[in-house]
1. When the dipole is taken about the Cα centre of segment 351-507, and only Lys, Arg (+1) and Asp, Glu (-1) are charged at their Cβ, what size is it in debye, to the nearest 20?
2. Quick one: compute a quarter of the convex hull surface over the Cα atoms of segment 152-251 and quote it in nm².
3. Which residue, chosen from Val321, Phe419, Leu144, occupies the Cα position most advanced towards the positive end of the dipole of the chain, where the dipole is computed from +1 (Lys, Arg) and -1 (Asp, Glu) charges on Cβ about the Cα centre?
4. What do you get for chymotrypsin sites (Phe, Trp or Tyr not before Pro) in segment 167-230 restricted to DSSP loop and a cutoff of at most 15 other Cβ within 10 Å of the site's Cβ?
5. Taking only DSSP H segments of four or more residues, each worth -39500 (n - 2.57), what value at 222 nm results for the chain once the sum is divided by all its residues, to the nearest 500 deg cm²/dmol?
6. Starting from the Cα-Cα distance between Ala300 and Glu490, subtract it from 0.36 nm times their residue separation and give me the gain in nm to one decimal.
7. Quick one: 3J(HN,Hα) in Hz for segment 258-274, Karplus 6.51/-1.76/1.60 with θ = phi - 60°, rounded, Gly and Pro as x.
8. About the Cα centre, and with charges only on the beta carbon of Lys, Arg (+1) and Asp, Glu (-1), how big is the dipole of segment 53-118? Nearest 20 debye, please.
Amino acid sequence: MKALLCNSLGLPDALVYDDMPDPVPGPGQVLIEMKAAGVNFPDALVIQGKYQFKPPLPFAPGSELAGVVLALGEGVRNVKVGDRVIASCRYGAFAEKVIAQSAQLIPLPKGISFEVGASFTLAYGTSYHAIKGRAGLKAGETMLVLGAAGGVGLAAIQIGKALGARVIAAASTAEKLAICRDNGADETINYSTEDLRERIKELTGGKGPDVIYDPVGGVYAEPAFRSIAWGGRYLVIGFAGGEIPSLPLNLPLLKGASIVGVFWGEFVTRELPNFIKDLTEMLGLIAQGKLRPYISARYALPQGAQALNDLLNRKVTGKVVITNGDPGEIAQATAAARTTPAPQDSPVGEGPLAGATTPQPADLAAQVGREIGVSCWFTVDQQRIDDFAKTTGDHQWIHVDLERAARESPFGGTVAHGFLTLSLLPASSYDILREHVQATQILNYGLNKVRFVSPVRAGKRVRNRVRILSIEDRGIGRRLLTTENTFEIEGEPKPALVAHALAMLVA
Ligand SMILES: NC(=O)c1ccc[n+]([C@@H]2O[C@H](COP(=O)([O-])OP(=O)(O)OC[C@H]3O[C@@H](n4cnc5c(N)ncnc54)[C@H](OP(=O)(O)O)[C@@H]3O)[C@@H](O)[C@H]2O)c1
């Protein structure tokens, strides 16, 4: 089989996509065909020899995956060959075939894709264990999340909201903070441009957050801890910033606060039944649409080193996954598996894996006239409109001139029509089609008609509902698909726009 191999300790570029012998499951183990594997910060540390355990060389990194059971070791009775499962392992997941302990397997429910199944165990498992189990966050409390746009950070935002808390997200760029808002954050702090302590004080009326979730460490830990509320819980998750901070011990004394360590891997080993209980509860929350893993990028197995490089270079938001096999086949299996509709009023988005509203049989013709998906909510903030104007040269004052728009615009502020039609519409409809349509290529062929119904003012949230209007055979394996795209504006009765978009599907 092929695997992404670490032959010598070092940075991701030293990984080699190469052959290795097929692993054989021992007693209590299963062999799984990996369909998708989640990429996590610890994977980047393990290959550098900087993590809590050091596998013998050569090894494939990767600690979580979803796939199909290929073979059973002696004594395994809880799964059978062909089952779709979610698995965790210490390492080895960035390979075509992976060994896992059968006791740790979770059936991948219908309605949850391989990609989502592969990418939520570690991030959501860590955050759920930390926030619910270790900090005991209660409804109505306030939680501050540092590194909030990262894998465990975005999971923490969604879990905090699902538990009824007010969530403040802190991250390093406006773009990352917009993603945090799209995933449910109530307030945001840009810690590279704003004073962390001052903003926390401002946003909590001087009281401070009841829980602080810290996967970054470094320079943010002490100012964050100094801001914590009386009786607060400070969750030590990790040190993505590179530096392990020290805190004066008078600080927890003065605040009656606790510093709470979180080590999810050890929790899984020592408290397996509690881990299975957490996972089962989280799968229930995913099925209800209360948790929706945000997957920002996918990398084929041979390109897996790039996923780890992007993670180390702070380019990643939410989760990224490594996929194995034909993307069309994975999309088809995903579509066939989707039978659980996501609630339409869910406050958080699943990013590019937008929620389906109806089951998706492979036959597209049978879908004509039906809605096939709805994207996540997306904040159209001024930064995005400005970036779009800069890229396209479309500097109309009604888009970018805040003062003049406040003074003269009939809409009372800047609006975002060009950005919606030329950028957000093709991107969101492509993501929905990619999930629901079987094709090796989906090419954007432009718009047939566009009707603007209501203006979208900067700062508003929108989402795209996609309905199939027609499908025409264009020969040599090509089909022309026309979809109706309706952009809803959060809290408003009328949509922003309705547009007919064309896409060429290549078999
Ligand atoms: N305790 C546990 O059981 C457990 C379990 C899982 C993960 N972790 C730890 O949690 C941390 C985050 O993991 P993750 O998978 O969420 O990673 P991630 O997706 O890369 O997110 C980490 C975030 O940290 C911030 N950051 C600040 N300085 C950074 C730097 N020098 N390099 C990279 N990121 C930096 C980045 O946000 P900004 O750019 O916005 O600052 C980034 O979004 C890691 O240290 C990991 O080992 C611990």
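1. Values: 18 positive and 17 negative charges, 43 e Å.
Taking the Cα centre of segment 351-507 as origin, the dipole is about 200 debye.
2. Details: hull surface 24.5 nm².
The directionally averaged projection comes out at 6.1 nm².
3. Leu144
4. Details: sites: Tyr191, Tyr213, Tyr220, Phe225, Trp230; in loops: Tyr191, Trp230.
Loop-located and lightly packed - Trp230.
5. On the way: 15 runs with 139 residues, N = 507.
About -8000 deg cm²/dmol.
6. Values: separation 190, 0.36 × 190 = 68.40 nm, distance 3.52 nm.
My answer for the length gained is 64.9 nm.
7. With coefficients 6.51, -1.76 and 1.60, one gets 10, 9, 10, x, 10, 9, 5, x, 5, 4, 5, 5, 7, 10, 3, x, 5 Hz.
8. On the way: 7 positive and 5 negative charges, 21 e Å.
Roughly 100 debye for segment 53-118.
Readers should treat all values here as calculations from the given coordinates under stated rules, not as data from a laboratory. Here the structure is a predicted model, which means the values were calculated and not measured. Cβ atoms come from the backbone with ideal geometry, glycine included; neighbour counts cover every protein chain shown.
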